[in-house]
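Encoded as structure tokens, the structure appears first; notes follow it.
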Amino acid sequence: MIKLLGFLLPFTMLLGNETFFLLPDDQSRMFAFLSESLRKSDDSLLVATPKLHHPEFKKLLSKAARKGSCVTLILSDPQGDPLSLIQYRGIDLFLYRARPMEGSVLLIGERGICTFPVPLVSEATESEAVLVRCSEEPASAASARKALLPLLRRSRPYLE
């Protein structure tokens, strides 16, 4: 047993701050995790996704804006819910149309990151089995933020 502990210790250290959610089964647990991460965050939230048509995500984003967080949405298709979100102060909408986007990324402050293999659309997250990876590792969030900078630079503000 002790030999096994030595083998498992590096994996525990590498994946210690990561949480996986299998949607739609763990959807309520995932939103509780995201709400808690937003509560502990340092007032910024970046969402990059092709589409955003999910009532729980809309509620989460409006809650973050009411809290005073700076919310940045980067979308390819701004139809529907995102257009109703820009009425809140603190929510900025950017359009990215240089290349098609496949998955979605949520950066919560300087510490949190969640990656989705699908757009944030209720039909995709409720009808398909989707594995979502969330991490509270600052190095992962910093790496993702650095990787998303070119995407943000190529995006145009919706209201110019």
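For Ser143, indicate whether it is buried (at least 17 other Cβ atoms within 10 Å of the Cβ) and either within 24 Å of Ser28 (Cα to Cα) or modelled with pLDDT of 90 or more (or both). Step through it out loud before you land on a result.
Details: buried (at least 17 other Cβ atoms within 10 Å of the Cβ): no; either within 24 Å of Ser28 (Cα to Cα) or modelled with pLDDT of 90 or more (or both): yes.
The answer is no for Ser143.
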Report summary line: Quick count over region 7-49, residues being farther than 26 Å from Ser76 by Cβ, modelled with pLDDT of 80 or more and touching a Gly at 6+ places or on another chain (Cβ under 8 Å), is 1
**Report entry** Enumeration of residues in region 71-89 that are farther than 19 Å from Phe31 by Cα and either aliphatic (A, V, I, L, M) or not in a helix (DSSP H, G or I) (or both)
**Finding:** Ile74, Leu75, Ser76, Asp77, Pro78, Gln79, Gly80, Leu83, Ile86, Gln87, Tyr88, Arg89
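The values are calculated or read from the model by the stated rules, or taken from the named source; none is laboratory data. The model shown is predicted, which means the values in this text are computed figures rather than measured ones. When we count neighbours, we look across all protein chains shown, and the Cβ atoms used for this are built from the backbone with ideal geometry, even at glycine.
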